[in-house]
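Below is one structure, written out as structure tokens; the observations come after it.
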Amino acid sequence: MAAASPAHAQDRIVPNSASQLRLSYAPIVQRVQPAVVNVYAAKVIQNRNPLLDDPIFRRFFGAPGQQPEQMQRSLGSGVMVDSSGLVVTNNHVVEGADQVKVSLADKREFEAEIILKDSRSDLAVLRIKDSKERFPTLDFANSDELLVGDVVLAIGNPFGVGQTVTHGIVSALARTQVGITDYQFFIQTDAAINPGNSGGALVDMTGKLVGINTAIFSRSGGSQGIGFAIPANMVRVVVASAKSGGNAVKRPWLGARLQAVTPEIAETLGLPRPTGALVASVVTGSPAARAGLKLSDLIMSIDGQVIDDPNAFDYRFATRPFGGNAAVEVQRAGKTVKLAIPLEVAPDTGRDEVTITSRSPFQGAKVANISPALAEELHLDSSAEGVIITEIADGLASNVGFQKGDIISAVNGQKIAKTGDLERVTREPSRLWRITVVRGGQQLSVVLGG
């Protein structure tokens, strides 16, 4: 975080009398509450008897008719961010949903459609269907101006009891070791957040949205005073992508892989403490390469904001608007170097996605060439060789344990460079399949029967 200016510090006044302590949050709540909604999501799941997967069972008893369906429901909260009926919530609230409903504070319900899902930030944007009404909304605050100790209100529908308001303070900023999303840079608050609050609003004392409540740290399942919210500046990026008509969030592409500075690395570099983001590799022709970023550069700040670790850089860079440049300061051989990194989208040419249909261990897998955009989306090294599994449907690929994100680099001794290579190899019948897979950066060798 950038240091707060004296003017910001003077805006915050500690109560100095009993009468000031009796002041109420009611005016803020009354203004904000109509824009916070409940989100109901439902999906149909097929109840499947696991014995049906046993060929001996099927041979003797036959396959029974259609198995009964079950409706699985989830409950969360959301925030109206556009008067036409755009609602932002958590992606995990609506993930896989067949039906979505939005319930307003006045108890009216509307059907909604999911117009954008972003698993990397755990955010989704919904649109209320068939309504010409103008809805109340919340304005975005600049979440970078938050300070630890600021009073905040959390509004949502915990445990399905109905709309609830809790209050607390900002306990910490820039929490990066939470492990919830790709962009780990959370506001931590002690305002009570419970199951059902996900997707609800965290607002400041001006009634502006500072974050979307997303997760809690809990040993019991209930609030223990440690809740996390996605900062409004990230929410703003996702909502802007939805408003522009896109079905995916476009973010600036760096084209470099960063790593954390350990105490040992800090000692080697002569740093007083482990801080910054160390450049581990740079993609040829990327914005980082064109700006002059080099291997072993230590990124210390972006646009004047101090960078403590790679997660902080990822968040800061991802929330920059396209066009122009990001001013980045790096330490190189003990000297400070200033670079201007262009803010542009990663190219997505040559992805060439195909679904493998021939009988092989890959049957039912959708694979793609590794484009810079796909590498950025899935946090891969753009220089990785092979084709990547982007989706797994029912079929042999699912049964043998392949996963989304697996990189297939060789099959039966043949190098796999493009999706066409995998299509060709899988058309050749084989009793044994020798496959080289890269998963989570680790290379695995697998042998499967035909």
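So the values come out like this:
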{"quantity": "Residue list for region 306-326, restricted to those being within 22 Å of residue 271 (Cα to Cα) and either touching a helix residue (DSSP H, G or I) at 6+ places or on another chain (Cβ under 6 Å) or free of Cβ contacts under 8 Å to residues at least 40 places away in the same chain (or both)", "calculated": "307"}
{"quantity": "Residues (part of a loop (DSSP other than H, G, I, E, B), within 20 Å of the chain's Cα centre (by Cα) and among the polar types (S, T, N, Q)) located in region 119-152", "calculated": "119, 121, 142"}
{"quantity": "Output for region 335-384, where each listed residue is among the acidic types (Asp, Glu), surrounded by 14 or more Cβ atoms within 10 Å (Cβ to Cβ) and over 23 Å from residue 321 (Cα atoms)", "calculated": "353, 381"}
{"quantity": "Strands (runs of 3 or more DSSP E) enclosed by region 1-106 - at least 1 residues per element that are at pLDDT below 85", "calculated": "36-46, 69-82"}
{"quantity": "Test: residue 130 is under 22 Å from residue 94 (Cα atoms), among the acidic types (Asp, Glu) and at pLDDT below 90", "calculated": "yes"}
{"quantity": "So residue 116, is it over 28 Å from residue 391 (Cα atoms) and outside any loop (DSSP other than H, G, I, E, B)", "calculated": "no"}
{"quantity": "Some residue of region 413-420 being surrounded by fewer than 18 Cβ atoms within 10 Å (Cβ to Cβ), farther than 29 Å from residue 286 by Cβ and modelled with pLDDT of 85 or more", "calculated": "yes"}
{"quantity": "Residue under evaluation residue 272, criteria (1) surrounded by fewer than 15 Cβ atoms within 10 Å (Cβ to Cβ); (2) in contact with a helix residue (DSSP H, G or I) (Cβ under 9 Å, 6 or more places away or on another chain); (3) at positive phi, criterion not met", "calculated": "(3)"}
{"quantity": "Residue within region 208-222 that is part of a loop (DSSP other than H, G, I, E, B), modelled with pLDDT under 90 and either touching a helix residue (DSSP H, G or I) at 6+ places or on another chain (Cβ under 8 Å) or of a type in the set (A, V, I, L, M) (or both) present", "calculated": "no"}
{"quantity": "Some residue of region 341-356 being under 29 Å from residue 280 (Cα atoms), modelled with pLDDT under 90 and more than 26 Å from the chain's Cα centre (by Cα)", "calculated": "no"}
{"quantity": "Long-range neighbours under 6 Å by Cβ, at least six apart or interchain, first residue not assigned by TED's automatic domain parsing to the domain that holds residue 82 within region 196-208, second of a type in the set (D, E, K, R) and not in a strand (DSSP E or B)", "calculated": "207/31; 208/139"}
{"quantity": "Neighbours by Cβ (under 7 Å, 6+ apart or cross-chain): first from region 229-241, not assigned by TED's automatic domain parsing to the domain that holds residue 82 and of a type in the set (D, E, K, R); second assigned to a strand (DSSP E or B) and surrounded by fewer than 22 Cβ atoms within 10 Å (Cβ to Cβ)", "calculated": "236/140"}
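The values are calculated or read from the model by the stated rules, or taken from the named source; none is laboratory data. The structure presented is a predicted model; accordingly, all values stated were derived computationally and were not measured. Because the Cβ atoms are built from the backbone with ideal geometry, glycine has one as well, and the counts that use them run over all protein chains shown.
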